[in-house]
1. Going 7 Å from the Cα of A:S82 toward and past its Cβ, which residues in the stretch A:148-165 have a backbone nitrogen under 15 Å from where you end up?
2. Could you calculate the FRET efficiency of B:A147 with A:L4 from 1/(1 + (r/R0)^6), where r is the beta carbon distance between them and R0 is 45 Å, rounded to 0.05?
3. Net charge near B:I106, counting Lys/Arg +1 and Asp/Glu -1 over other residues with Cβ under 12 Å of its Cβ?
4. Between A:A179 and A:L282, with labels modelled 7 Å along Cα→Cβ, what's the label distance in nm to one decimal, could you check?
5. Can you tell me the 0 to 90 degree angle between the C-alpha axis of helix A:236-249 and the longest principal axis of chain A, rounded to 10?
6. For chain B, restrict the atom set to alpha-carbon positions and state the Rg and Dmax in Å.
7. What list of ³J(HN,Hα) couplings, whole Hz, do you get for the stretch B:186-198 from phi and the Karplus terms 6.51, -1.76, 1.60, once you set θ to phi - 60° and write x for glycine and proline?
8. Distance between Cα centroids, the stretch B:105-136 to the stretch A:138-165: provide it in whole Å.
Amino acid sequence: MNELRRQSPALSLLLIVVVSGAIFSGSRSTLDTSILIAIFSLMALSVGISFGQAGMMSLGQASFAAIGAYTTSILTTQAGWSPYAGLVAAVLVPPLIAYPLARLLVRLSHLALALATLFLGEIVMIVLNNGGDLTGGYLGIGGIPPISLATTPLAFHFLAWGCVVVTVVLYSNLKSSAAGRALNTLRQDPLRAQADGDDGPHRLSATFAFSAGLCGLAGWLYAHYLTYVAPESLSVSTSISVLLMVIVGGSRYVLGPVVGAALLTVLNDHLPAEVLGLLYGLALVIVLVVAPRGVMGVAAQLLGRFRPHPRRPVEDSLSDRPTHELEIAP
Amino acid sequence: MRELLEYAVQGALLGVTYGLVALPIGLIYSSFRVIDAGVGSYAALAGIVALSVGGIAGIAAGLAIGAALATLVALIYQLLVRREMAEPVIVVTATFAVGMAVDSLILWRYGTDPFVKQTFDSAWSIADVSINPQSIVNLLIGLVLVALTAGGLFHTSTGRQVRASADNVLGALLAGIPVVRIQYMMFAFEGLLAAVAGVLLVYTTGLDFTSGLHLTLIAFGAAILFGLRGPLQCFLGGLAIGVVEALVAGYGSGGLVSALPFVFVLVILVASPRIAEAGRP
């Protein structure tokens, strides 16, 4: 029963994915939007894990997605690898870069860490823009082969959302595992974690590397769905947008990043490009000031009002709280 | 040797513009231990408004817009403080959001064209080094602003109140210092400094809707070079980054050299973890 409750976010998401796939199977544009939401959800979940769970705010997640996307693009178009071999490389290369980097960065304050990842994103952009024939420079790389298992938009919808559901399952497991509790302790009280003998730098770096791997997966999906990737596709502004998705959705809820990604990608589709930044910026400020727990936090608060209060069993009363609070409760 | 001198001088004069944007970043960090990541965008909007309106009225409008935007950020900061959400990393996120909104406003209202105007028809030649007279104007104005800011911060009673508020808000409140008013005042002054930088930039290298984030990043690099210690250090940091950039661009080759200022800043951040340590749990 507890296992079922723990996986309720993944099960709810799976139901929505199957139903929406059945309803919109004939609508190419809706499936396009849905696939983009899934790709951004993966990036947002990576921020949710590193920021929501471990307290490390990264403003360079899109650069890890770009590294994953370029890795698979170069290997499949220039070295003749299959997209599946490209997947392995796209998921492994970002963590291989992220882990040693994180060992240096996790010593920094949260503010310095956020700014360092932002600078990292700028450096990756410049390298991609000036990578010559290897990266295609400003023009990027085209002609990336599609994935043979998902040649139709509907199949890609299920593939991309399947990756998101698996990630949500892993995230839910992480939150309720000993490793998740250790991360929470590192977030709330690093001195206590150190006193407990926890290897904080390794644990934080491994979490950062895992989130980079997730971004690599998002980059792989992006490159093989659009069959084209350029430096501007996954730039620093994408990193900031992904952070915005997480904050709007609710960084401390498992599904918060997915909800944020869905809301902002739909907005992105329906608003003129010139005013997007204006609305994104205003939305972020409003959420930070008015609803710091994001849409999921507001929803949980509203749902809580309709629940009967007296003589509630202890478990039910705890279920209103974000999951991270449940885990650190004695 | 002459080539080296020319690169160094041109770099230092370019660095003046970085230093001018770094100055308000350092001021706000000294005052509240937070980073305002929207400062480059205030400068960009102020400069573009100044040029599009034109004349003294344009400059006044630009300065007013800079001060108004930073005051808006002060209001957001106060709201975050009231909700006990004013962690440095949250404040920097909120200021990024404001910067993003301002950049988008520039794109929406003024389009993608760059805004630039040359105030002098010809360059000066000093010791065989060609110098844009506007750069000398920027340098002089920059030095005056640094002197005013440092003097105000370290040699006036208001400056002492600002520093007292930065060190211990509760203590400052108990001592009768109007902390909130001082915070609004400092943000407005920050916006004014950024706007001056923007107005000078539009008459030097020019500005467009993409300038905001780039200016913030370079200026932050300049500000941390000497440890985010004070206005003079931030300004000198700008000069140093400008010189490094000019030398690398002059003697190096390929577009990859444009990454060097960012690599430089990343190395400093990693090598000196105490920099920007506010918010460390």
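1. Inside the label zone: A:148-151.
2. That gives a FRET efficiency of 0.10.
3. With Lys, Arg at +1 and Asp, Glu at -1, the neighbours total -3.
4. Taking the simple label geometry, A:A179 and A:L282 are separated by 4.3 nm.
5. Long axis of A:236-249 versus the principal axis of chain A: about 30 degrees.
6. 18.6, 60
7. Along the stretch B:186-198, the couplings run 5, 5, 4, 5, 4, x, 5, 4, 4, 5, 4, 4, x Hz.
8. 47
Quick note: the coordinates plus some simple rules give every number you see, no bench work behind them. These figures come from a predicted structure and were not determined experimentally. We place every Cβ from the backbone using ideal geometry, glycine too, and count neighbours over all the protein chains shown.
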